[in-house]
Amino acid sequence: MSISLIGRSIQESATLKLNQTFAILKAKGEPVIHLGGGEPKSKAPIDAITAITAHLNTGEVRYAPVDGTIEMKKAIIRYTMEHYRRQVEPENVIASSGAKQALMVALQAILDPQDEVIYTAPYWVSYPEMVKLCGAVPVAVTPEDGTFTPRLQDIEQNVTSYTKAIIINSPNNPSGAVYPETFIAEIVDFCERKGIYLIMDDIYHLLVYGGKKVVNPFDYVKDFTENSKLIIINGISKAYAMTGFRIGWAIANKDLIKVMANIQGHQTSGPSVLLQKAAIGAINGVQSSINSLRTTLENNRKVLVEQLNAFNGVHLLPPDGTFYAFADFSAYDKDSTRLSQFLLDKVRVLTMPGKEFGMDGYLRLSFCGGIKDIIEGIERMKWAIDPDAPNELYIGERKLVRDWN
Ligand SMILES: Cc1ncc(COP(=O)(O)O)c(C=O)c1O
């Protein structure tokens, strides 16, 4: 079989693969607990459901404009005004099939082969593969001070004449870190001065806790004309609990949006008009579901952090946003892939290996599931890896006997 160089270089999405493993085990009746999830379990807002149903009932579901319907763009403009205090025009907006596609077409619009894209570790699993899909070179930068907060100096050291873009994801998947104002101000200024694209992946920006504030990059932008290199990525997947609706968007300068629309037009065309209707319903509708999701997640987060803090040998910088905690398990096993597999095999707890996010020795644990699962999942993990744990553990009726050290 003859496969392209790019095709050969792309890894399977580790998170999606583990989700499949979970579904298979669950279907077999295995008592598996998912602490690796990437989506809230609440229902989509009622306004989204009403809007999509009304359109479906017309029986006329046609192609949508390549860059999104006018109504969709208006809803995104409204969202941008409300959450970024910035008035943008329809030509600054493209709606795509998920934030993932918005990001992908943005990269395809700006990257040439050999160009480099910098992002900070730990990072979302898709960044390196998306950059490679463009024939470009991914460059991960790990903060040298042992925190999850990048510093401009760490990034600057990795900038070369090939650096075309920097991706910033705050709140960050997987660490939950919310980057400080000084850093965002510095990176916006740095990219403007150097003429480097700054891609802000803000998909989690409404999911922050403990009074933390996500910094609005527009507060520091001096130039949002056609020369602007700022690209904002966002969508409805996380805050509206609408992952399966596949609507995301980008805000950028008009020329770039036009190029992105040209690319999208030959890939998938405009996102499904039905799903855009649902997204419009969610954005223009009652916003209370976001608050209740945030309250639930904040509570789950408290429980997860307590459980992990009581876990000898595990080190955690508590997350300020998202629904992930990225905990250092290297005292137990420096190989996170092995540890994650061990936990799945022995106690049927699914975790995401830190290696996939650019930091081995860590596990990403999600708190978007139920509290019961968080507590039981961590208990099972403790039992599996704590050498002083009792010899037996019951999972429902099933008795597990430790046959390892
Ligand atoms: C950091 C980050 N960006 C983008 C996405 C993609 O979002 P969407 O579901 O809208 O494609 C995800 C999804 O997990 C994510 O974690």
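A short reminder: the numbers here are calculations on the coordinates, not readings from a lab. Remember, it's a predicted structure, so these values are computed and weren't measured experimentally. So basically every Cβ, Gly included, is an ideal-geometry build from the backbone, and we count neighbours across all protein chains shown.
Points worth noting:
- Axis angle, to the nearest 10 degrees, between helix 336-347 and the longest C-alpha principal axis of the chain: 50 degrees.
- Between 0 and 90 degrees, the angle of helix 273-284 with respect to the longest Cα principal axis of the chain falls at about 80 degrees.
- Share antiparallel - DSSP beta bridges, the chain, percent rounded to 5: 55
- Across segment 46-284, the mean sequence separation of Cα contacts (distance under 8 Å, 6 or more residues apart), normalised by length, yields a relative contact order of 32 percent.
- Length gained when the stretch Lys43-Ser9 is fully extended (0.36 nm per residue, less Cα-Cα span): 8.6 nm
- The modelled label-to-label distance for the pair Leu152/Val259, using points 7 Å beyond Cα in the direction of Cβ, is 2.6 nm.
- 0 to 90° range, to nearest 10: angle between helix 46-57 axis and the chain longest Cα axis: 60
- Rounded to the nearest 20 debye, the dipole size of the chain about its Cα centre is 1000 debye, using +1 on the Cβ of Lys and Arg and -1 on the Cβ of Asp and Glu.
- Per residue, the convex hull volume that the Cα atoms of segment 223-370 enclose (Å³): 176
- Mean sequence separation of contacting Cα pairs (under 8 Å, at least six apart), scaled by the length of the chain, corresponds to a relative contact order of 23 percent.
- Lysines with Cα under 28 Å of Lys382, excluding same-chain neighbours fewer than 8 positions away: Lys17, Lys26, Lys28, Lys41, Lys302, Lys334, Lys346, Lys355, Lys372, Lys399
- Amide H contacts of Phe367 (H built 1.01 Å from N, in plane; Pro and chain starts excluded): Tyr324, Ala325 sit under 5 Å, all sequence-distant by 5 or more or on other chains.
- Spatially, segment 166-222 and segment 343-360 are offset by 28 Å when compared through their Cα centroids.
- Straight-line reach from Lys43: taking Cα to Cα under 19 Å and skipping same-chain neighbours fewer than 8 places apart, the aspartates and glutamates in range are Glu298, Asp373.
- Efficiency of FRET between Ile24 and Ala389 - r from beta-carbon atoms, R0 25 angstrom, step 0.05: 0.35
- Principal semi-axes of the equivalent ellipsoid, √(5λ) from the alpha carbon gyration tensor of segment 59-192, are 29, 19, 14 Å from largest down.
- Those lysines that a straight Cα-Cα span of less than 25 Å connects to Lys254, excepting residues fewer than 8 apart in one chain: Lys73, Lys74, Lys100, Lys164, Lys194, Lys222, Lys229, Lys277
- If you take the alpha carbon atoms of the chain and fit the smallest convex hull around them, that volume is 159 Å³ per residue.
- Size descriptors for segment 154-273: radius of gyration and Dmax over Cα atoms are 15.4, 44 Å.
- The alpha carbons of segment 77-151 stretch over 38, 31, 18 Å along the principal axes, in descending order.
- For segment 10-88 and segment 112-154, distance of Cα centres in Å: 26
- Per the Kirkwood formula applied to alpha carbons, segment 46-284 shows a radius of gyration over Rh ratio, Rg over Rh, of 0.96.
- Mean separation of Cα contacts under 8 Å, 6 or more apart, over the residue count of segment 116-176: relative contact order %: 47
- Taking 0.36 nm per residue of separation and subtracting the Cα-Cα distance, full extension of the segment from Asp335 to Val305 would add 8.6 nm.
- Exposed GluC sites (Glu not before Pro) absent - longest run of the chain, DSSP non-H/G/I/E/B, at most 10 other C-beta within 10 Å: 227-396
- If R0 is 30 Å, the Cβ-Cβ spacing of Gln114 and Glu226 corresponds to a FRET efficiency of close to 0.75.
- Whole-number Å³ per residue for the convex hull built on Cα positions in segment 305-405: 97
- Computed lengthening from Leu16 to His83, 0.36 nm per intervening residue step minus Cα-Cα distance: 21.1 nm
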